[in-house]
Every structure is written in C-alpha cells, then in structure tokens.
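To keep things clear, I will list the structure first and then write my remarks on it.
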Amino acid sequence: MIHFHIITLFPESIEPYLQSSILGRAREKKLIKVSYYDPKKFAVGKHKRVDQRPYGGGPGMVLEPQAMLRAADKALKGKTRVEKIFFATDGPVFDEGMAKKLAKKKDILFICGRYEGVDARVPKILKAKPVSVGPYVLTGGELPAATLVDAIARFVPGVLGKIESLERNRVSSPEVYTRPDVLLWKKKKYTVPDVLKSGHHAQIDSWKTRGITL
C-alpha cells in the first residue's frame, strides 16, 4: 500500500476526485491511502494566519514556513524513507518513468503551494524534490497532487482490473472506437475504420501503432 500525504489548504478541492471511481475503490481495498494536512490547523497567533507578505516586495502573499513545517512534521511522524515532492514550475516534468518509480514507495509527501508560493525554506528544510506537471502556472498544487496520485496509483498492483489496462504495456492508439458501427449525427455518417473490424490482428496492431513510439 502507498500512503499519500498531502499538505494543502484546500483538501476539499481534490478529495471528491480521489474518492471516486478507480481511486475510490483502491482506497476501499486499502491499496492506497490518502491523508490531508491543512496548514491552517498548525498556524499560531490570534488570527491563525498562514500567509504573509513577501520580503523584497511583490504582488500576492506567501505561505509562511512554520505552519507548513508543522504540517509536514505531523505527516512524517514515525515514518522513514518518505519521498517528498514540492510542486514547482522549474522542476523536472513529471512523466511515466517517475510514476513507476514512485509506485514502489510506501509514503509520499506532496507539498501544495498557494497564492505566490511557499517560503523557499520549506522544501529546503524538508529536502523535497521539485516536480512540474507542465510549462504553465496553476493557482495551487492541488491539481498536480491529484494528477500524481492518479498516475502513480495505476502502477500499484491490484488498482487496475487488468495489467493490460496500463497503456504502455499494450498496443495502444490515440483513437478508439465502439458501437454503433455507423454513427448518424446531424445528417452525417461517421464510421468505424474498416481495419478495426477486419479481425486481422497484425493489421490492427499496425494501424494502432502508426506514428506512435513505444
């Protein structure tokens, strides 16, 4: 079982996705576990603030280090060899190779930023690895966290019904078709490619892998 630990101000923004469909069943079967750690619950002071103005000026607010580190301490308590990931636009782009490696871990910690980001001392202290999910900026780390949970969980034995469901382990295609054979839509007919109905497996595999590097 992999235990995903997610430090986030907004667990409610991703929990519905992580408790539905395949991931929800994987959690019920105890193949994966997801725990959330809200920095607001670890904030100190009268107003329990977790954001502060950045040194050096600039727009927006920055998540302060104390609350984030206390949340991390809670997640890491009693655990060793935890893989720690900090979402950053300048990190290496997450790919399937990373997913396979991470699927072999027992505990994975995700640090989700918000606003203008997290105080840079947090990932430094935790020795967290920066990871990017693409060349763009999101409003927070919750979507990247959900993306990684989904991608990693697929490689946990038992999460998918069949090993053939792993796209890279089978002859795949960017195009898939199902019934009906002829789709009539707004007075136009759209048909399934004849090769897929031919029963000629070699030709079907060739069609599926056209332009694809496996």
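The values are calculated or read from the model by the stated rules, or taken from the named source; none is laboratory data. Since the model is a prediction, treat every value here as computed from it, not as a measurement. No Cβ is skipped: glycine too gets one built from the backbone with ideal geometry, and neighbour counts run over all protein chains shown.
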statement: A careful count of residues in the stretch 134-147 that are among the hydrophobic types (A, V, I, L, M, F, W, C) and at pLDDT below 95 gives 2
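To keep it simple, each residue is scored yes or no on (1) in contact with a strand residue (DSSP E or B) (Cβ under 7 Å, 6 or more places away or on another chain); (2) in the same structural domain as Leu23 (by TED's automatic domain parsing); (3) of a type outside the set (Gly, Ala, Ser).
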residue	(1), (2), (3)
Pro123	yes, yes, yes
Ala128	yes, yes, no
Val131	yes, yes, yes
Gly134	yes, yes, no
Leu138	no, yes, yes
Ala145	yes, yes, no
Asp150	no, yes, yes
Arg154	no, yes, yes
Pro157	no, yes, yes
- prompt: Restricting the search to the stretch 88-110, which residues are modelled with pLDDT under 95 and either outside the structural domain of Leu126 (by TED's automatic domain parsing) or closer than 21 Å to Tyr36 by Cβ (or both)?
  reply: Ala88
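Which of the residues spanning the stretch 59-102 are in a loop (DSSP other than H, G, I, E, B), over 16 Å from Val133 (Cα atoms) and touching a strand residue (DSSP E or B) at 6+ places or on another chain (Cβ under 7 Å)?
Of the stretch 59-102, the ones in a loop (DSSP other than H, G, I, E, B) are 59-61, 64, 77-82, 88-92, 94-95.
Narrowing further to those that are over 16 Å from Val133 (Cα atoms): 59-61, 64, 77-82.
Hits for the stretch 59-102 are Met61, Glu64, Lys79, Val82.
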field: Conditions (1) surrounded by 18 or more Cβ atoms within 10 Å (Cβ to Cβ); (2) under 11 Å from Ile85 (Cα atoms); number of the one not met by Val118
entry: (2)
